[in-house]
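**Q** What follows is a single structure, and I will ask about it in a moment.
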Amino acid sequence: MFPIHDDTERLHGKPYINYSLIAINSLVFIWEIAATGFFTDIQATREIFFLYGAIPEFVLAGNIPSIMTSMFMHGGIAHILGNMIFLYVFGDNIEDRFGHLKYLLIYLLWGVSAAFVHSIYAVNVGGGEVPAIGASGAISGVLGAYLVMFPRAKIFTVIMAFFITTVRIPALAFIPFWFILQIIFAYIVPQSGGVAYLAHIGGFITGMGTGYVWRLLSQRSRFKLQSLKKNVVTRKERPRLEDVVARTEPEVIEGPNFYEVIVEVRGASDASDIHASYEFETGTLRINVSGSLNYEMQVKLPETAVNPKVEYIHYLNGIAKIRLSK
């Protein structure tokens, strides 16, 4: 049962750190097979694993650098292929949620945590001198965090039994099933079996814990932001002069028995927000606008105007046309 991809969309671009981790693991593996003749040179293989692997006795003594190097080494094609598939499917969304730098630091933290859990177990059952290699511990942390953050995601999975098919399995079923298998194998497979199942379990639990803490902090941040928005007192500002004054000069058209005033009006929603009246004393048309902006304009009419009457007001796309009879 191998995952192919999930249906969770990324929101923040390419997962460059996740791609880089896959690339580094692949390059290190190429170096391993070149240096060991595809692991046929037993002496060279032993030297590399003991030099760069995480030996439990040394890990508990504080040899952290060996954990870092061991996280990018693998012992065979199936080992690296399985790990990189899981990292590719699940790691991009975790990076998308945490951010690039935080994801890298947390990924390494999960690997360190997994190595310590495995080392404690190995030393106590009699395998403290056997080096451990592989990214499985850190990737188990990725799975733990994914289960907390994306429990409703669907995982497109290849199932190979007597036939090969693909199914969509909810993360809430796929990942716990994988974790239960790790517990079963850790119990029934002896330490000499070659797979550090306790590292998987340790990394997974650490990943879940990290996911819960991150979700709790995110919920608190959203709650504070919502509270802040509710407590903000809004203040209605006076309209700015440039928002009120028309950008173009009014135009007055004189016909045989009418005047037509065309003027730019701002802040009105329709003609009902515009009121006009003629002032005989000044010979001007007073225009009052009510709407999102409340203001007044005056338009000088020709001297031939003698007490004209407003017939109608038409308004469209910020332009008012006011018709007056002579």
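The values are calculated or read from the model by the stated rules, or taken from the named source; none is laboratory data. Note that this is a predicted model, so its numbers are computed, not measured. Glycine also receives a Cβ, built like all others from the backbone with ideal geometry; neighbour counts cover every protein chain displayed.
**Q** Can you tell me which residues in the range 151-168 are in contact with a helix residue (DSSP H, G or I) (Cβ under 6 Å, 6 or more places away or on another chain) and within 20 Å of MET84 (Cβ to Cβ)?
**A** Restricting attention to the range 151-168, the residues satisfying the condition of being in contact with a helix residue (DSSP H, G or I) (Cβ under 6 Å, 6 or more places away or on another chain) are 151, 153, 155.
Across the range 151-168, the qualifying residues are ALA153, ILE155.
**Q** Now for a different question. So GLY62 clears everything in (1) surrounded by 20 or more Cβ atoms within 10 Å (Cβ to Cβ); (2) outside any helix (DSSP H, G or I) except one condition, right? Which one?
**A** (1)
**Q** Out of all the residues in the range 273-285, is one or more within 46 Å of the chain's Cα centre (by Cα), surrounded by 16 or more Cβ atoms within 10 Å (Cβ to Cβ) and at pLDDT 80 or above? Explain how you work it out, then say what you get.
**A** Applying the first criterion (within 46 Å of the chain's Cα centre (by Cα)) to the range 273-285 yields 273.
Narrowing further to those that are surrounded by 16 or more Cβ atoms within 10 Å (Cβ to Cβ): 273.
Checking which are at pLDDT 80 or above leaves us with 273.
Yes: the range 273-285 contains one or more residues that are within 46 Å of the chain's Cα centre (by Cα), surrounded by 16 or more Cβ atoms within 10 Å (Cβ to Cβ) and at pLDDT 80 or above.
**Q** Let me confirm something: among TYR103, TYR146, TYR107, which residue is crowded, with 16+ Cβ neighbours inside 10 Å, touching an Asp or Glu at 6+ places or on another chain (Cβ under 6 Å), among the aromatic types (Phe, Trp, Tyr) and modelled with pLDDT of 95 or more?
**A** Values: TYR146 fails: touching an Asp or Glu at 6+ places or on another chain (Cβ under 6 Å); TYR107 fails: touching an Asp or Glu at 6+ places or on another chain (Cβ under 6 Å).
Only one candidate passes the filter, namely TYR103.
Conditions (1) crowded, with 19+ Cβ neighbours inside 10 Å; (2) not charged (D, E, K, R), marked per residue:
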position: HIS5; (1), (2): no, yes
position: TYR19; (1), (2): no, yes
position: TRP31; (1), (2): no, yes
position: GLN43; (1), (2): no, yes
position: GLY53; (1), (2): yes, yes
position: PRO56; (1), (2): yes, yes
position: ILE80; (1), (2): yes, yes
position: GLU95; (1), (2): yes, no
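**Q** What pairs come out if I take residues in the range 94-115 that are closer than 20 Å to GLY134 by Cα and pair them with residues that are assigned to a helix (DSSP H, G or I) and of a type in the set (Asp, Glu) whose C-beta lies under 7 Å away, six or more apart or interchain?
**A** If the second residue must be assigned to a helix (DSSP H, G or I) and of a type in the set (Asp, Glu), the pairs left are TYR103/GLU95.
**Q** Give the residues of the range 18-41 that are in contact with a Phe, Trp or Tyr (Cβ under 8 Å, 6 or more places away or on another chain) and more than 16 Å from SER70 (Cα to Cα), sorted by residue number. Full working, then the answer.
**A** Our first condition is that a residue be in contact with a Phe, Trp or Tyr (Cβ under 8 Å, 6 or more places away or on another chain); within the range 18-41, this holds for 18, 21-22, 24-25, 28, 32-33.
Selection gives ASN18 alone.
**Q** Quick check: anything in the range 106-129 of a type outside the set (Ser, Thr, Tyr) and within 22 Å of PRO3 (Cα to Cα)? Spell out how you get there, then give the answer.
**A** Start the filter on the range 106-129 by keeping residues that are of a type outside the set (Ser, Thr, Tyr), which leaves 106, 108-112, 114-118, 120, 122-129.
Restricting the remaining residues to those that are within 22 Å of PRO3 (Cα to Cα) gives 110-111.
Checked against the condition, which is being of a type outside the set (Ser, Thr, Tyr) and within 22 Å of PRO3 (Cα to Cα), the range 106-129 yields at least one hit.
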